[in-house]
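To start, the structure itself, in C-alpha cells.
The values are calculated or read from the model by the stated rules, or taken from the named source; none is laboratory data. The structure presented is a predicted model; accordingly, all values stated were derived computationally and were not measured. Note that we place each Cβ from the backbone using ideal geometry, even for glycine, and neighbour counts take in every protein chain shown. Keep in mind that these areas ignore ligands, DNA and RNA; they rest on the heavy atoms of the full protein, side chains included. Shrake-Rupley method; radii C 1.70, N 1.55, O 1.52, S 1.80 Å.
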Amino acid sequence: MAAQESEVPATTPGIEAVAAVARRLLPEAGVITDRARLRTYECDGLAHYRVTPALVVVPEDAAQLAAVVRACAEHLVPYVARGSGTGLSGGALPHAEGVLIVTSRMRAITAMRPEDQRAVVEPGVINLDVTRAATPYGYYYAPDPSSQQICSIGGNVAENSGGAHCLKYGFTTNHVVGADFVTADGDTVALGGAAPDSPGYDLLGAVVGSEGTLGIVTSTTVRLVRLPEEVRTILVGFESTDQAGAATSAIISAGIVPAAIEMMDALAIEAAEAAVHCNYPDGAGAVLVIELDGASVEVEQEYAEVERLCAENGAFEQRLATDPVDRALIWKGRKSAFAAVGRISPDYIVQDGVIPRTALPQVLKAIADLSSSSGVRVANVFHAGDGNLHPLVLFDDAVEGAGEAAEKVSGAILDLCIEHGGSITGEHGVGMDKAKYMPRMYTDDDLDTMQMVRCAFDPDNISNPGKVFPTPRLCGEVPGRHKGAHPAQEAGLAEVF
Amino acid sequence: MSTGTLDRTAREAIASACADVHDPQPADHVDGVVPGLVARPADTAQVAEVLRAATAHGLSVVPRGRGTKMTWGTPPAGADVLLDVSALDQVLDHAAGDLIVATQAGARLRDVQDVVGRGGQRLVLDETVPGTSIGGLLATNTSGPRRVATGTARDLLIGITLVRADGVVAKAGGRVVKNVAGYDLGKLLIGSAGTLGVITDATFRLHPVPAAHRWVHAPCDDPAQAQRLAQAVVHGQAVPSAVEVGWAHGHGTVSVLLEGREDGVAGRTAMVRALLGETSTDADDAPGGGSTYPWELGATGDDRATALKLTFVLSGLADVLAAAGETGVALRGSAGAGVAYAAVPAGTPVEAVAATLARLREVCTRHGGSTVVVDAPAGVKAGVDVWGPIPALDLMRRVKDQFDPDHRLAPGRFVGGI
Ligand SMILES: Cc1cc2nc3c(=O)[nH]c(=O)nc-3n(C[C@H](O)[C@H](O)[C@H](O)COP(=O)(O)OP(=O)(O)OC[C@H]3O[C@@H](n4cnc5c(N)ncnc54)[C@H](O)[C@@H]3O)c2cc1C
Ligand SMILES: Cc1cc2nc3c(=O)[nH]c(=O)nc-3n(C[C@H](O)[C@H](O)[C@H](O)COP(=O)(O)OP(=O)(O)OC[C@H]3O[C@@H](n4cnc5c(N)ncnc54)[C@H](O)[C@@H]3O)c2cc1C
C-alpha cells in the first residue's frame, strides 16, 4: 500500500485526499495508483492522444462512485468518466492531474420489464447485452453502434451514440427515458423517469450527448423496442457511388423509411473483403446494405419496390439474405469496415461528419477531388440514409509528412460538411479531438449559451474539463450582463421575480 | 396580481425596439395577469431588441405564440411585456429530399403541415389544440396519439434558434438528423413554458404521409380488460401509430391506429381486430371525434375544467383507469405510451379537486410517472399543488439562473416557482 501511495504525483493537490476516500470505500483492486497500471488507461479508441491519469478508481456501485465525485468536488480535483474506452474522439482521455472513474464493474441489468418496454441498467453494461437480455421477451435495444459488442451504455448516453438503425429508430437520446445522475457536487439526482414526459426541464435531454462534461450517469432506464415480425437485408452492387446515392434518394423519396441504408465505396469493399471475406459483389464501385423491417406484408411490398428502384438506378447485382447466416455475413462486411482498413493501410483516421443526404453526390465528388489532388487515399463507409459520412483517411506514418497530409484532408472534409449545412460529428462526439472545430459550426454566442448549461451543472469545471468546448468561460461571469440591482428595482418601481 | 403599469422610458425603449406595440386588450391577459404592453416583433432581430430593452429596464417578459394555452402552467408573477411572436409566421424551408422543414416559431402547425403535405410529407405531431403555433407547441410540449409511433417534439426537433433573456441570439442543432456536436439546447427549451428563452425558429425531421390509415375500436368495461387489450397490441406485431384509451363512468374504448400501405393496413387491421376480439370494429375516424383532451378547449375563466396530464408505465394502465373511475373523472390518452389526460369538471370545489389530484398522483407515482395540472381556474391553481414533486429541482433552478439570472422571462410560470 505504502509503495502505491508514493506513486501518486505529489504535485497534484487534492488527489491524495480523493485516493484516501477511495481506499476507504472501494476494494483494493478498485483503486489504482501504480504508474504502469495507470498507463493502461492513458487513451480511449483515439490512440494518438495519451495522458496518464493521476488516479484511477473502479467503483462497484453508485454510492462509491458518488463518494469519489464528492471528494473530487471538495478538493477541486478534475475527474473523467470512462466506460469501455471505445470512444473515437478522445472523450475519455484522462486528465493528468485528475481521477479517471471507470464504470466497468457496474455491469448489472437491474430490471427487465418487457411489460413496460423498459430495462434499467448500470452504466458499465455492454450495449449488446441489453438486447441479449431482452430478446427472450421479444424485445431489443435499438441504438446499435458498430462497437455494440464492447461499448457501454454509460458511454452511449454520454456520446448519444447511434448506429446503422438510427435512420428509422433514432439515437440513444430517443431511447433513454430516465437516469440516476451524479452531479459535479457528488449529489445523486433522478432525471426523467420510467414514464414519459417528466415535469420540469428536460435535463436528461441535455445530459445525453454531453460527453461526461455535466456529470456521471450511474443508472439508466432505457426503452425496449419490439422485435419486428420480419427483417430483410439486401446487398446491392453498383458501379459507382453516384448510382448508389441516386438509389438511396429514390428509396427515401418513395416514402420508404428502411431500418438502415449503409454505403461502402470500392476501397472500403476491398478492405472488408481482405479482412472478413464477406463475398461482396465482384467489381462493385459501391454497395448498399439495405435493411427493411416491420410487419411482413409491408416488408414484402417495400422489398419489391426497393428492388425495382435499385435496378432503375443501375444496380447490377441484388442479393437478399435468406437466412440469419447470410444476413450476418452482409453486416459483418459493413460493421468490420473500420478495423478492416488496417489491412490495406498501416494508419488511418476515421472521420465522422454529416451532410444533408441530398448533398451526397456533390460531397463525395469533392472528397474524391481532395483525395486525388493531395494523393491521400480516402475510403468511404457511411450511413447513407441520414448523410452520416465516415471517410477513412489512409496514410503511412512511416512516410515523412504523410500524417500531416492526412490530417489536412480529414479537416477539409469537415469543412465540406459545414459548408453543406451539416455537422462536424454525427455519432463519435466532439471530445478532445474536435473541440477546435466547434467555432466553425457555432458562433461565440451559440457556444456561450451551451456553456450556460455547463455552468449550471458544473460551475467549477471539474467534470471532464477541456472536452467539447475550445474555451470554457468562467461560470461566474456572463459577458454583457449588467451587475447588481436595476435602478428601477432600487427605486422600488419594479420587482425582479 | 400585477397590472400593466410601465413607466414612460421603459415603454419608449420597447417601442423603439419593435415597430408594432400596443396596449393590452382583454384577449392579451395572461391567465388573469394584465400585461403592461404588447410587443409584436417582425423577426428574430426585433425579438432580440425587445429582450435587450426589457433587460435594460428590468422588465418581465412573457412570450406568446397564438394564444389559448396562455393559461397553462401557473400564472406569471409579472408580464410587463407580452412578447407576441405571431408575426414570425413563415415556413422557411421545406427540403423534401432531406425530409426536413425549417419554420418560424409563430407559424401555425397547420400551415407547416400544409406546406410539407404538398410534398407528400408530414410533421408527425398531432394538433391537440386547434391553431397551435410551433413555438407554443414546443414550449408546452403537447403531444397526441401518434407519439406511439415516432415520439414527441423532442424526438423530431433537430435545430432551434432561441433568444436569451439578455437578448443574445443562439442556435443549437442544425439541419441534419444526425448531429451530436454540442449540447442539445432544443431539449431544454421543449416544455420550458417560455421560462428559458424565446424560440424564434425550429427545424424538424419529417416522415412520409402514409398511403392509408384505419382505426380499430374495442369497447371494454373493466380496467384490467383495457390493460389486457392495450398490452396485446403493443406486444403484438401490428406496428400501431397510436394506441388510445378513452374512459368515463366505468367503461371505455381502446382504439388502435394503423398507418402505412393499403394492403399492409388491411392486413394489420385484421390482425388487431383478432387481438381485440369480436366486439371490435374498424373505421376511418379517430375516437372521440378526434379530440385529444377530455376537456372543452374553448372554455375560459371559471368555466374551465381542471385539466390534468397523467403519465405512468404501460403496466399501470389498469390502476390508472380504476382510479379515474373512483374519482369520477373522464380520461383519454395514449395507452400505448403511458400518457393520459383527465378533466375534473368546472365548478368542482377546490377540496374535491385536490382530493382527486392526490389520488391520481398517488397511482401515477406508484407506476413511475406523475400527474400535473395543465390548466385550471385561478381558484383551483391557487389551492392545489399544480406540479407535484419535482426531482432535480435544484438543478433546474440553476439552469434557470444561468439563462435568466434576473428571472424576468415568464416568471413563476413553471415548476418550483421558476
Ligand atoms: C470500431 C468502432 C466502431 C464504432 N462505431 C460507432 C457507431 O457506429 N456509432 C457510434 O455512435 N459510435 C461508434 N463508436 C464510438 C464509441 O464506441 C461510442 O462513442 C461509445 O458510445 C463509447 O462508449 P464507451 O463505453 O466506450 O465510452 P468511453 O469511450 O469510455 O467514453 C466516451 C465518453 O463518455 C463519457 N462517459 C463514459 N461513461 C459515462 C457515464 N457513466 N456517465 C457520463 N459520461 C460517461 C466519457 O467521459 C467520454 O467522454 C465506435 C467505436 C469503435 C472503436
Ligand atoms: C376561447 C378561444 C377559442 C379558440 N378557438 C380556436 C379554434 O376553434 N380554432 C383555432 O384555430 N384557434 C382557436 N383559438 C386560438 C388557438 O387556440 C390558439 O391560437 C393556440 O392554441 C395557441 O397556442 P400556441 O401554441 O400558439 O401557444 P400560446 O398559447 O401562445 O403559448 C403557450 C405557452 O408557450 C409559451 N410560448 C409561446 N410561444 C413561445 C415562443 N416562441 N418561445 C417561447 N415560449 C413560447 C407561452 O409563453 C405560453 O407559456 C381559440 C382561442 C381562444 C382564446
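Based on what the data block shows, is B:Leu206 surrounded by 18 or more Cβ atoms within 10 Å (Cβ to Cβ), within 13 Å of chain A (Cβ to nearest Cβ), away from ligand 2 (no atom under 16 Å from the Cβ) and not basic (Lys, Arg)?
yes
Could you say which residue among A:Phe469, A:Phe382 is more than 7 Å from every other protein chain (Cβ to nearest Cβ) and more than 26 Å from A:Gly245 (Cβ to Cβ)?
A:Phe469
Which of the helices (runs of 4 or more DSSP H) contained wholly in the stretch A:102-175 include at least 2 residues that are open to solvent by 10 Å² or more (accessible area, probe 1.4 Å), more than 8 Å from ligand 1 (Cβ to nearest atom) and out of contact with any Pro (no Cβ under 8 Å at 6 or more places or on another chain)?
A:127-134
Mind listing whichever residues of the stretch B:56-94 are within 14 Å of another protein chain (Cβ to nearest Cβ) and open to solvent by 20 Å² or more (accessible area, probe 1.4 Å)?
Passing the criteria: B:Ala56, B:His57, B:Trp72, B:Thr74, B:Pro75, B:Ala77, B:Asp80, B:Leu92, B:Asp93, B:His94.
Just one of A:Gly411, A:Gly431, A:Gly387 is within 24 Å of A:Gly215 (Cβ to Cβ), open to solvent by less than 20 Å² (accessible area, probe 1.4 Å) and in contact with a helix residue (DSSP H, G or I) (Cβ under 9 Å, 6 or more places away or on another chain); which is it?
A:Gly431
Considering only residues of the stretch B:4-44 that are free of Cβ contacts under 8 Å to residues at least 60 places away in the same chain, in contact with a strand residue (DSSP E or B) (Cβ under 9 Å, 6 or more places away or on another chain) and assigned to a helix (DSSP H, G or I), which is most open to solvent (accessible area, probe 1.4 Å)?
B:Arg11
Filtering the stretch A:189-210 down to residues that are in contact (Cβ under 8 Å) with a residue 12 or more places away in the chain and among the hydroxyl-bearing types (Ser, Thr, Tyr), which residue is most open to solvent (accessible area, probe 1.4 Å)?
A:Ser198
Does the stretch A:393-409 contain any residue that is away from every other protein chain (no Cβ under 14 Å), closer than 18 Å to B:Lys178 by Cα and touching a residue at least 12 places away in the same chain (Cβ under 8 Å)?
No, the stretch A:393-409 contains no residue that is away from every other protein chain (no Cβ under 14 Å), closer than 18 Å to B:Lys178 by Cα and touching a residue at least 12 places away in the same chain (Cβ under 8 Å).
Can we say B:Leu308 is in a strand (DSSP E or B), farther than 14 Å from B:Trp215 by Cα and within 14 Å of chain A (Cβ to nearest Cβ)?
yes
Taking only the stretch B:111-165 into account, find how many residues are open to solvent by 20 Å² or more (accessible area, probe 1.4 Å), more than 14 Å from chain A (Cβ to nearest Cβ) and of a type in the set (Val, Ile, Thr).
Total meeting the criteria: 1.
Where in the stretch A:258-347 are the helices (runs of 4 or more DSSP H), entirely inside, with at least 2 residues that are open to solvent by 20 Å² or more (accessible area, probe 1.4 Å) and modelled with pLDDT of 95 or more?
Per the criteria, A:296-312.
Would you be able to tell me the number of residues in the stretch B:179-194 that are at the interface with another protein chain (Cβ under 7 Å from one of its Cβ atoms), assigned to a helix (DSSP H, G or I) and of a type outside the set (A, V, I, L, M, F, W, C)?
Qualifying residue count for the region: 1.
Which numbered condition in (1) within 14 Å of chain B (Cβ to nearest Cβ); (2) touching a residue at least 24 places away in the same chain (Cβ under 8 Å) is the only one that A:Ala304 fails?
Unmet for A:Ala304, out of (1) within 14 Å of chain B (Cβ to nearest Cβ); (2) touching a residue at least 24 places away in the same chain (Cβ under 8 Å): (2).
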